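What follows is a set of notes on a single structure, which appears directly below.
The values are calculated or read from the model by the stated rules, or taken from the named source; none is laboratory data. These numbers were taken from a predicted model, which means no experiment stands behind them. Here Cβ is always computed from backbone atoms with ideal geometry, including for glycine, and neighbour counts include all displayed protein chains.
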Amino acid sequence: MDIFITYFFYFIIYSFLGYICEVVYVAIITKHIGDRGFLFGPLVPIYGFGALLILVSLNWAYNYWYLVLPLGFLITSSLEYIVSFFMELMFKKRWWDYSDKFLNINGRVCLRNSLMFTALVALVIYVLQPYVVGNLVSKIIEITALKWSLFIVIFVLFIVDTIISTTKHVKMATIISKLSQFKDFTLDELDKAKEYIKNTKAYEKLAKLNTRYPSFRIKINGARVTITELVSKVKEKVGLKK
C-alpha cells in the first residue's frame with residue numbers, strides 16, 4: 001500500500017507543479033492570470049501522469065542523459081497527443097490548439113512545446129525527484145499518522161473534484177453539440193434555436209467557460225472556432241442580441 005500512496009503523492013505534487021507552470025506560462029503570454037486545467041482544484045493531471053510515466057519508464061536511463069532527452073521528448077509528445085485526442089472526442093472541445101505553431105501535428109503537439117516538456121523531463125529526472133519531491137514524500141511516508149491523513153483527505157477531494165468536473169464538462173459538451181447543429185439550421189428551426197439558447201443560458205455558461213479556458217477550440221464544419229465565436233454566430237443567426 002505504501003507504494004501506491006507514494007506514487008499517488010508524486011502524482012498530486014507534479015499535477016500541482018504543472019498547474020503552476022500553466023498559470024505562469026499563460027500569464028506571461030496573455031498578460032492575464034487565469035485558472036487552468038480540467039479540474040476545479042489547482043491540479044493539471046496530465047503533468048502528474050506524465051511525471052509518473054517518465055519516472056517509471058526512464059529510471060533505468062538516469063546515467064544516460066543522451067537517451068533521457070530524446071525518449072522524454074517522444075513520451076511527453078505522445079502523451080499530449082493522445083490526451084488531446086480523447087478529451088476532444090469526449091468533451092467536444094480542445095484544451096489547447098497549436099495549429100498556428102511551427103511544426104505542429106494536427107494542432108495537438110508542436111515542436112516548441114515538446115522541447116519545453118523535454119526540459120521539464122530533465123528537471124524532474126535530475127533535480128526535482130532526487131532532491132526535492134522524492135525526499136519530501138519519503139519523509140511523509142515515514143510518519144504513519146501524517147501519511148494516512150494526507151492520503152485520505154487528498155484522495156477524497158481529488159475523486160470528488162474529478163466527478164464534479166467531468167459532469168460539468170459533459171454537460172458543456174452537450175450544449176456545444178447542440179449549438180453546432182444550429183449553426184446551419186433552416187428557417188423552420190429558428191424558434192427552436194432561440195428557445196434552446198434562452199432556456200439553457202448557453203451563451204452565459206460558455207462565456208464563463210471561455211474566460212477560464214481561452215485556448216478552447218471547437219471543430220465546426222472543418223474549421224476551428226472559439227466558444228465565444230460559435231455562440232455569437234448562432235445568436236446572430238437566430239436574431240438574439242449579443
For Ser15, indicate whether it is hydroxyl-bearing (Ser, Thr, Tyr) and buried (at least 17 other Cβ atoms within 10 Å of the Cβ). yes
Residues within region 1-17 that are touching a helix residue (DSSP H, G or I) at 6+ places or on another chain (Cβ under 8 Å) and modelled with pLDDT under 95, tallied: 1
Report every pair of residues separated by at least 6 positions or lying on different chains whose Cβ atoms are under 9 Å apart, first residue within region 95-106 and closer than 19 Å to Val23 by Cβ and in contact (Cβ under 8 Å) with a residue 12 or more places away in the chain, second in a loop (DSSP other than H, G, I, E, B) and aromatic (Phe, Trp, Tyr). Trp95/Phe38; Trp95/Tyr213; Trp95/Phe216; Trp96/Phe216; Asp97/Phe216
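Conditions (1) surrounded by 14 or more Cβ atoms within 10 Å (Cβ to Cβ); (2) out of contact with any helix residue (DSSP H, G or I) (no Cβ under 7 Å at 6 or more places or on another chain); (3) part of a helix (DSSP H, G or I), marked per residue:
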{"position": "Val121", "(1), (2), (3)": "yes, no, yes"}
{"position": "Val133", "(1), (2), (3)": "yes, no, yes"}
{"position": "Ser138", "(1), (2), (3)": "no, yes, yes"}
{"position": "Ile141", "(1), (2), (3)": "yes, no, yes"}
{"position": "Ala145", "(1), (2), (3)": "no, yes, yes"}
{"position": "Leu150", "(1), (2), (3)": "yes, no, yes"}
{"position": "Asp161", "(1), (2), (3)": "yes, yes, yes"}
{"position": "Ser165", "(1), (2), (3)": "yes, yes, yes"}
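Is there a residue being within 17 Å of Phe117 (Cα to Cα) and either in contact (Cβ under 8 Å) with a residue 40 or more places away in the chain or small (Gly, Ala, Ser) (or both) anywhere in region 83-92?
Yes, region 83-92 contains a residue that is within 17 Å of Phe117 (Cα to Cα) and either in contact (Cβ under 8 Å) with a residue 40 or more places away in the chain or small (Gly, Ala, Ser) (or both).
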Boolean, Gly48 is buried (at least 17 other Cβ atoms within 10 Å of the Cβ) and either free of Cβ contacts under 8 Å to residues at least 40 places away in the same chain or among the basic types (Lys, Arg) (or both): yes
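Just checking, does region 109-128 include any residue being assigned by TED's automatic domain parsing to the domain that holds Tyr62, of a type in the set (Phe, Trp, Tyr) and closer than 19 Å to Arg36 by Cβ? Give the steps one after another, and end with the answer.
First pass over region 109-128, keeping only residues assigned by TED's automatic domain parsing to the domain that holds Tyr62: 109-128.
Among the residues that remain, those that are also of a type in the set (Phe, Trp, Tyr) are: 117, 126.
In the following step, the residues that additionally are closer than 19 Å to Arg36 by Cβ were identified as 117.
Looking through region 109-128, at least one residue is assigned by TED's automatic domain parsing to the domain that holds Tyr62, of a type in the set (Phe, Trp, Tyr) and closer than 19 Å to Arg36 by Cβ.
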May I ask you to list the residues in region 54-71 that are over 17 Å from Pro130 (Cα atoms) and either part of a loop (DSSP other than H, G, I, E, B) or not aliphatic (A, V, I, L, M) (or both)? Tyr66, Pro70
Search result, residues across region 20-30 that are under 17 Å from Thr118 (Cα atoms) and either surrounded by 15 or more Cβ atoms within 10 Å (Cβ to Cβ) or among the basic types (Lys, Arg) (or both): Cys21, Glu22
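Are any residues in region 27-38 modelled with pLDDT under 80 and hydrophobic (A, V, I, L, M, F, W, C), and if so, which ones?
Just the residues of region 27-38 that are modelled with pLDDT under 80, to begin with: 29-37.
Residues satisfying the conditions are Ile29, Ile33.
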For the subset of region 97-117 comprising residues that are touching a helix residue (DSSP H, G or I) at 6+ places or on another chain (Cβ under 7 Å) and crowded, with 17+ Cβ neighbours inside 10 Å, which member is modelled with the lowest pLDDT? Tyr98
Residue that is modelled with pLDDT of 95 or more and either more than 18 Å from the chain's Cα centre (by Cα) or more than 25 Å from Phe16 (Cβ to Cβ) (or both), where the choices are Leu52, Leu67, Leu120, Leu89: Leu67
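Across region 71-86, which residue is farthest from the chain's Cα centre (by Cα) among those that are within 14 Å of Ile46 (Cα to Cα) and buried (at least 17 other Cβ atoms within 10 Å of the Cβ)?
Ile75
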